Amino acid sequence: IFIFVCFIFSGCFTVSMLQTPKVLEEDKKEIGLGGGVILHYEGDGKDLLYFPEIVGNYRVGVGKDTDIGFRIFVLGAYVDIKHQFTKRNPYVSGVLGFSYSSFYEQVVAIGFYPSLIVGTDRFYTSAGAILIGVSNAFESTEFWGLIGRLAVGYSFGSKLRITPEVGTYLGSFTGGNRPWGFYSVLGISYRP
């Protein structure tokens, strides 16, 4: 039962960025996979849960200083647009993302992800938020939450890239729940 519950809730939102602030050039593509673990503490800090973070990524350069990304995670999908504001190091990019996840249409979660990424084409740090709304028909409940997140990562390679990332998050949900935790993911991507 515990593994089943972890599988369900691992799909409510995605926490990792797995991208540097440098956008892809127009018509350039990147495809990748990522996996890791989220260490999640409930509001009282006593209940430790482990959730998998498993994602598939695809990015494409769509114009000057802009690319679009698509992500599939355990029970959901995510799309974002990234715009690079600076031409020289340190690069500064803004990301706006949206996610949708569902479990048999009984539990539906919608997320909005504004973020800022600063760094080089190798090393980056990101800060952002996740505004999430969840409707649970099993329990006839709805709730909203705001999750702040902060991460650092490094990307090795050029065509084949390996990107480890670590981060932390802190949330506040209706009903007084204040979950927090840490995560560590490893991404592998290919730029043809």
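Give me the distance between the Cα centres of the stretch 156-192 and the stretch 104-119, rounded to whole Å.
Comparing the Cα centres of the stretch 156-192 and the stretch 104-119, I get a distance of 13 Å.
Could you pull the accessible area for PHE182 with a 1.4 Å probe, rounded to 10 Å²?
90 Å²
Under the 0.36 nm per residue contour assumption, what length would be gained going from the current alpha-carbon distance of VAL152 and ASP27 to full extension?
This chain segment gains 42.3 nm when fully extended.
Run the numbers on the stretch 57-115 and let me know its relative contact order in percent, using alpha-carbon pairs under 8 Å that are six or more apart.
Details: 113 pairs, mean separation 13.7, N = 59.
Rounded, it is 23 percent for the stretch 57-115.
If you look for lysine pairs in the chain that are eight or more places apart or on different chains, how many of them have Cα atoms under 13 Å apart?
8
Quick check for you: which residues of the stretch 124-154 have the amide N under 15 Å from the point 7 Å beyond the Cα of VAL166 toward its beta carbon?
Answer for this model: 124-126, 150-154.
With a 1.4 Å probe and all protein chains kept in place, how much accessible area does TYR50 have, in Å² rounded to the nearest 10?
120 Å²
Can you compute the label reach from ASP47? Point 7 Å from Cα along the Cβ direction, backbone N cut-off under 20 Å, restricted to the stretch 121-144.
132-144
Let me check something: with ligands and nucleic acids excluded, how do ARG161, ARG178 order by accessible area (1.4 Å probe), largest to smallest?
Details: ARG161 10, ARG178 135 Å².
Correct descending sequence by accessible area is ARG178, ARG161.
Sort GLU42, GLU26, GLU165, GLU105 from largest to smallest accessible area, using a 1.4 Å probe on the heavy atoms of the protein chains.
Order by accessible area, largest first: GLU105, GLU26, GLU42, GLU165.
Tell me the relative contact order for the stretch 58-192 as a rounded percent, counting alpha carbon contacts under 8 Å between residues six or more apart.
Values: 327 pairs, mean separation 17.8, N = 135.
Here the relative contact order equals 13 percent.
Tally Lys/Arg at +1 and Asp/Glu at -1 over every other residue whose Cβ is under 14 Å from the Cβ of VAL108; what's the total? Write down the numbers at each step before the final one.
Details: positive: none; negative: GLU105, GLU139, GLU142.
Charge balance in the 14 Å sphere: -3.
Rounded to the nearest 500, what is the chain's calculated 222 nm mean residue ellipticity when only DSSP H runs of at least 4 contribute -39500 (n - 2.57) each, over all residues?
That calculation yields -1000 deg cm²/dmol at 222 nm.
For the chain, give the magnitude of the charge dipole about the Cα centre (Cβ charges: +1 Lys/Arg, -1 Asp/Glu; no others), in debye to the nearest 20.
Here the size comes out at about 800 debye.
In terms of solvent-accessible area of protein heavy atoms at a 1.4 angstrom probe, what is the ranking of ILE110, ILE117, highest value first?
Ranking ILE110, ILE117 by accessible area, largest first, yields ILE110, ILE117.
Ranked from highest to lowest mean number of other Cβ atoms within 10 Å per residue, what is the order of the peptides 128-141, 58-71?
58-71, 128-141
Calculate the spin-label point distance for ASN177 paired with PHE143, positioning each point 7 Å from the Cα along the beta-carbon direction, and give it in nanometres.
About 0.3 nm, to one decimal.
Could you compute the FRET efficiency for SER184 and LYS64, with r as their C-beta to C-beta distance and R0 at 35 Å, rounded to 0.05?
Efficiency computed from Cβ-Cβ geometry: 0.55.
Tell me, in nm to one decimal, what length is gained between ARG122 and ALA77 on full extension, where the rule is 0.36 nm per residue of separation less the Cα-Cα distance?
13.6 nm
The values are calculated or read from the model by the stated rules, or taken from the named source; none is laboratory data. Quick caveat, the model's predicted, so the values are computed rather than measured. For neighbour counting, all protein chains shown are included, and Cβ atoms are generated from backbone atoms with ideal geometry for every residue, glycine included. For the accessible areas, the whole protein counts, side chains as well, though only heavy atoms, and no ligand, DNA or RNA atoms are used. Shrake-Rupley method; radii C 1.70, N 1.55, O 1.52, S 1.80 Å.
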